[in-house]
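Visitor: Just dropping this structure here.
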């Protein structure tokens, strides 16, 4: 874990994405590799360059220690949510409070009513991420909570199970 007394978080302007790409892609690569083929390096960069997603870097001094992509999701009801589709780099530890404050400000500027994220990490106990993040919230109305559990089974896997089961 990094000493985060001097940690800063910055939204990277689109015109700096190509300049910073070689620094940030090694941190995004593990998330891309675990995306189940839903994205790749080229698509990730294109989405950032076209403003579909945003890039946040977390620094200690001159060193980028973590990166996140952000996307505004607009629902048909008119509500919006700030999503964190990819995260990478070092554990920012207690720097999470400053990071969440930073994301809250971005969400407000985008007229979002919530911040959402998904974890692909295995955790030791149920809702461990929720408990961890809630340490940094002070009022009950803005507490993190589980709203969806996302599960998946590839179609080929289902078809193989059905065929095998029918034999």
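Visitor: Taking the options 52, 65, 73, name whichever one is outside any helix (DSSP H, G or I) and touching a residue at least 60 places away in the same chain (Cβ under 8 Å).
Guide: Selected residue: 65, the only one of 52, 65, 73 that is outside any helix (DSSP H, G or I) and touching a residue at least 60 places away in the same chain (Cβ under 8 Å).
Visitor: Which residues, taken from region 84-100, are over 13 Å from residue 70 (Cβ atoms) and out of contact with any helix residue (DSSP H, G or I) (no Cβ under 9 Å at 6 or more places or on another chain)?
Guide: Correct list: 91, 93, 94, 95, 97, 98.
Visitor: Against the conditions (1) touching a helix residue (DSSP H, G or I) at 6+ places or on another chain (Cβ under 8 Å); (2) free of Cβ contacts under 8 Å to residues at least 40 places away in the same chain; (3) assigned to a helix (DSSP H, G or I); (4) surrounded by 19 or more Cβ atoms within 10 Å (Cβ to Cβ), where does residue 28 fall short? Just the number, please.
Guide: So the condition that residue 28 fails would be (2).
Visitor: Another question, if that's okay. Name the residue, out of 48, 70, that is surrounded by 14 or more Cβ atoms within 10 Å (Cβ to Cβ), at pLDDT 95 or above and under 17 Å from residue 8 (Cβ atoms).
Guide: Checking each option against the conditions leaves just 70.
Visitor: State yes or no: is residue 106 in a loop (DSSP other than H, G, I, E, B) and within 17 Å of residue 13 (Cα to Cα)?
Guide: In short, no.
Visitor: Give the residue that is modelled with the highest pLDDT, with candidates limited to residues of region 76-103 that are in contact with a strand residue (DSSP E or B) (Cβ under 7 Å, 6 or more places away or on another chain) and assigned to a loop (DSSP other than H, G, I, E, B).
Guide: That would be 90.
The values are calculated or read from the model by the stated rules, or taken from the named source; none is laboratory data. Since this is a predicted model, take the numbers as computed values, not measurements. Every residue, glycine among them, receives a Cβ derived from its backbone with ideal geometry; neighbour counts consider all protein chains shown.
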